[in-house]
Amino acid sequence: NLSPVWTWDFFMLGRLLIAGFFTYLFLCLLGLEFTPAFLGGLLYMFSGSFTWFINLEQFTNSAMMLPVHIYCLEKLVLKKSGRELALAALSFGLVLLAGQPEMALYIIFLGCTYYFFRSLQGPWKSLGRQTLRYCSVVALGFALAAPLLIPFIEYVDNAYHLHQPGGVMGVVDPTRLYMALQILTPFEIPLSLNAPTANIALTPGGEFFPFRIFADNGIWDFIGGYTGVTCLLLSVAALLPWMRKNQSILRHYVLFFMSFGVMIILKNLGVRPFLW
């Protein structure tokens, strides 16, 4: 916001490149070859959070940090060095500094579960040391983000917003089941001139017409971003290597991330206990 206007496009589009590049690095780290790793990065950088909300900085900033954080955690599991611990702590702090607390909570939850999912694949006797390393990552990450978090905690009670403590936002009015198709198919509810979210403009001929500022798909909080059916088809096609013995190691990762994604969808649809 402080930089010249002509740099803003580089800032917005650069986040897509960072997200795609670190997704590619993470998938390479898991043992995927160039083509699926490159395609995975491409699909993530053009997924819903980046395409629908590219000009909503607090969403896209957080989504950009997801593959960075997961990549650093995977490096920590593999190498267990002080350098990797520092990088993981830096990525944790940047997740908190990225902007959106609710998205940061999802990312940290995913990162935490992934780290211990990977740790459990190793010797059980090392689990205590792995837990200590993650606690160090969390402590250093919070310390890095303290210049933002401390004023936030101090002034949140005096803030005017829709997310008052003890409220019901996030656990009420879940997505209707029939609307879940919008995750895979682009859809937008037409606006009338009387719609409260409509902005009225004039055509060159002097006629009124409604337009949108945000490229949402009709309902702001219930669905989020359009993912695309192509991504789903390619993901299902990627399951075919299960039939090959040399690819069996990837089954754990596929099951982990697929389970996490299904859990998020069930939460959006209001299925208990995921709703909580």
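Data for the structure
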{"item": "Restricting region 19-113 to GluC sites (Glu not before Pro) in coil, as DSSP defines it, with at most 15 other Cβ within 10 Å", "result": "GLU33"}
{"item": "Residue-by-residue Karplus 3J(HN,Hα) for region 174-184, coefficients 6.51, -1.76, 1.60, Hz, glycine and proline x", "result": "x, 5, 5, 4, 5, 7, 5, 4, 5, 5, 9"}
{"item": "³J(HN,Hα), Karplus 6.51/-1.76/1.60, whole Hz, each residue of region 132-145, x for Gly, Pro", "result": "4, 4, 5, 4, 5, 4, 5, 4, 5, x, 5, 5, 5, 8"}
{"item": "Cβ charges +1 (Lys, Arg) and -1 (Asp, Glu), total dipole of region 1-101, debye", "result": "280 debye"}
{"item": "Accessible area in the full protein assembly, largest first, 1.4 Å probe, for LYS75, LYS125", "result": "LYS125, LYS75"}
{"item": "Solvent-accessible ranking of TRP52, TRP8, TRP124, largest area first, probe 1.4 Å", "result": "TRP124, TRP8, TRP52"}
{"item": "Built amide H within the under 5 Å cut-off of TRP52, gap 5+", "result": "TYR226"}
{"item": "Centroid-to-centroid separation of region 32-48 and region 87-127 [C-alpha atoms, Å]", "result": "21 Å"}
{"item": "With DNA, RNA and ligands ignored, accessible area of CYS112 (1.4 Å probe; Å², nearest 10)", "result": "40 Å²"}
{"item": "THR230 accessible area, assembled protein chains, probe 1.4 Å, Å²", "result": "90 Å²"}
{"item": "Accessible heavy-atom area order of HIS161, HIS252, highest first, probe of 1.4 Å", "result": "HIS252, HIS161"}
{"item": "Cα gyration tensor category, rounded, prolate or oblate, for region 1-111 with a/c compared to 1.5", "result": "oblate"}
{"item": "Karplus (6.51, -1.76, 1.60) ³J(HN,Hα), θ = phi - 60°, over region 147-153, in Hz, Gly and Pro reported as x", "result": "x, 9, 6, 5, x, 4, 5"}
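The values are calculated or read from the model by the stated rules, or taken from the named source; none is laboratory data. The structure presented is a predicted model; accordingly, all values stated were derived computationally and were not measured. Positions of Cβ are generated from backbone atoms using ideal geometry, with glycine treated the same way; all protein chains shown enter the neighbour counts. Calculation scope for accessible area: heavy atoms of the full protein, side chains included, ligands and nucleic acids excluded. Shrake-Rupley method; radii C 1.70, N 1.55, O 1.52, S 1.80 Å.
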